[in-house]
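Working notes, structure below.
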Amino acid sequence: MLPTNATFLKSSTLLEQCPDTDRPEFAFIGRSNVGKSSLINMLVNKKNLAKTSGTPGKTRLINHFDISSSKGAWYLVDLPGYGYAKISRSEREKWEVMIEAYLSERANLVCTFVLIDVRHEPQKIDLEFCLKLGQDGIPFALVFTKADKEKPGAVERNVNAFCDKLLEQFAELPNIFVTSATERTGRERLLGFIGQSIP
C-alpha cells in the first residue's frame, strides 16, 4: 500500500473540531523530539508535510492529514508529544485532556503508533503511556525511530529491553516496527500494516 497523495487538512484543539469520521484513521504520538514529523514525511514521501523542528513540543494541536492511497482514503493524525516541552503546567494539562479525549472517543481511530527513540534504554514515561493505552483498550503499535543513529546490536538490545519491560504488564506484545526516516528503513512494513488494517 503506497500513498499517492498527502495534504494537510486541518488542526483542532477539541475532539469536536476534528474532521468527520468518514474514513479510517491512524494516529502518531511519542515523546517530544522523537522524530515524529520526520517519520510522517518519510511515510507519505513528502518532504515538508509535517513541520520538523529542533525545538521539542512544536506540535500543539491535533493535526489531520488527508491521505490517498491504493487502498483508498485515510487520515493520518499527528498528535502533540508527551514529556519534555517548554510550556506551562496548565497548557500541558490541556494537552493531556485533549489527547485522552481523542484517543478514547475517536470512533474511526484504527491504530495509534507510539514512537520510541531506539537510542535510549526503556523510559518510564513511554512504558506508562503504553500501559494507559492497554488499560483503556486502545489498539496501538510500537514504532522505534532513529535506528540509523545506533549500531544494529544496540538497536536490537534497546528494542528487546523495551519489549521485556512491556511484557511485565502485557500478556503479549503489540506490532513492532524499527524505522529510520533518514534511511527510509521500515517504510514498506509500516505502510503494509496500515494497508492491511484499513477495513
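Taking every DSSP beta bridge that has both residues in the stretch 3-197, what percent is antiparallel when rounded to the nearest 5?
45 percent
Once you order the gyration tensor axes a ≥ b ≥ c over the Cα atoms, which shape class does the chain get: rounded for a/c under 1.5, otherwise prolate or oblate by comparing a/b with b/c?
Rounded, since a/c falls under 1.5.
Apply the Karplus curve 6.51 cos²θ - 1.76 cosθ + 1.60, θ = phi - 60°, to the phi angles in the stretch 5-17 and return the couplings in whole Hz, x for Gly and Pro.
Working through the residues one at a time gives 7, 9, 9, 5, 9, 6, 10, 10, 9, 10, 4, 5, 8 Hz.
For H120, H64, what ranking results if the residue with the fewest other Cβ atoms within 10 Å of its Cβ goes first?
In increasing order of surrounding Cβ atoms, one gets H120, H64.
For I116, enumerate residues with amide H under 5 Å from its amide H, sequence gap 5+ or separate chain, H modeled in the peptide plane.
When sequence neighbours closer than 5 places are left aside, the close amide H contacts are V143, F144, T145.
Give me the lysines in straight-line cross-link reach of K149: C-alpha distance below 16 Å, same-chain residues under 8 apart excluded.
K36
Give me a comma-separated list of calculated 3J(HN,Hα) values for the stretch 27-42, in order, Karplus coefficients 6.51, -1.76, 1.60 applied at θ = phi - 60°, integers in Hz, x for any Gly or Pro.
Per-residue couplings from phi come out as 9, 10, 8, x, 4, 4, 6, 8, x, 5, 4, 5, 5, 4, 4, 5 Hz.
From the square roots a ≥ b ≥ c of the eigenvalues of the alpha-carbon gyration tensor of the stretch 93-171, which class results: rounded (a/c under 1.5), prolate (a/b over b/c), or oblate?
Prolate is the answer for the stretch 93-171, as a/c is 1.5 or above and a/b outweighs b/c.
Checking the cross-link filter: which aspartates and glutamates have an alpha carbon closer than 17 Å to that of K151, excluding same-chain neighbours under 8 positions apart?
D117, E121, E183
No lab work stands behind these numbers, since they all come straight from the coordinates. Just so we're clear, the structure is a prediction, and the values are computed from it rather than from any experiment. FYI the Cβ positions are ideal-geometry reconstructions off the backbone, even for glycines, and counts take in every protein chain you see.
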